[in-house]
Amino acid sequence: MTSSLLTPRRRSRVGTTGGVAATGSMAPTRILDWRDPLVASLLDGIDVTAESETVRRIEALRLAHRRISEAVRPVYSVQDERPVSEVLRRGRGSCSQRLAVLEAVARATGTATRVRGLLVDGTFWYPRFPRLRRIVPDQVLLAWPEFRLDDATSGSWLAVSELFGSLGELSKDGEAGFTNSGSETLFEALSRTAIDWDGATVCPTAGTGCDLSAYVMADLGRFDSRDELFARHGQTLCPVARALAEPVMGRHRAA
């Protein structure tokens, strides 16, 4: 059983048929405030040289991912609209907030980003909250980043799922997929296993979680920024629920 009492009201969350046109951007936003000195500090030393601009951008993002994993402790924060600078100041953040930091780094280094809005079934989080299932939201709004690998407006886009290799490559490593339990979060899992929201691949080992498409309730399309996604569809929890949950969950280490 999941809960619909804690979710925003009067929000239309209908999936798209052809996808929302989004060209992405490198501009700072309220959430992706990459001009803040804390983002510049995180960028210090990320100076990658490579044979091509595409390879350079990918390698820089991989390095940034590792730095964020070390610098920002994973917690269950429910404030998805928290600015990146504040996440870095606190030194802790949810998967959504840590992905936002990665987006901010990308924009700061000249790589445009956009997000795909996914409504994920709340049961996906049951393994993390075995004693609190009755209050797990029935649907979770996920802002899944994509990075433009060239400078063309309609150029090649790389989903964060494939930052460390194609889904096919990641699913053949012989490791278990993502189970959403234990200390590993979605953010860390990206570097070692396939995170597939579309059912394009499966892990070779039975029972592992590479194909997560069964949990996707709706694909809301692409948006130029997570600010735009949240402005249109709201956050996962209503304001009152966030205000009550954040003081506790925002400090509770993901495990």
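The values are calculated or read from the model by the stated rules, or taken from the named source; none is laboratory data. Treat the numbers as computed from the prediction; the structure is a model and nothing was measured. Cβ: placed from backbone, ideal geometry, glycine included. Neighbour counts: every protein chain shown. Quick note on the areas: whole protein, heavy atoms, side chains included, nothing else; ligands and nucleic acids left out. Shrake-Rupley method; radii C 1.70, N 1.55, O 1.52, S 1.80 Å.
Descriptive notes on the structure:
- Cα shape, the range 124-168, gyration tensor, a/c 1.5 rule: prolate
- Positive-end residue, the range 54-151 charge dipole about Cα centroid, Cβ charges, pick of I58, Y76, A112: Y76
- Applying a DSSP loop filter and a limit of 16 other Cβ atoms within 10 Å to the trypsin sites (Lys or Arg not before Pro) in the range 119-191 leaves R131, K172.
- Phi to ³J(HN,Hα) by Karplus 6.51 cos²θ - 1.76 cosθ + 1.60 over the range 65-75, Hz, x for Gly, Pro: 4, 5, 5, 5, 4, 7, 8, 10, 5, x, 9
- Interchain or long-range residues, amide H under 5 Å from Q139's placed H: G122
- Accessible area per residue in Å² at 1.4 Å probe, computed on the range 96-232: 37 Å²
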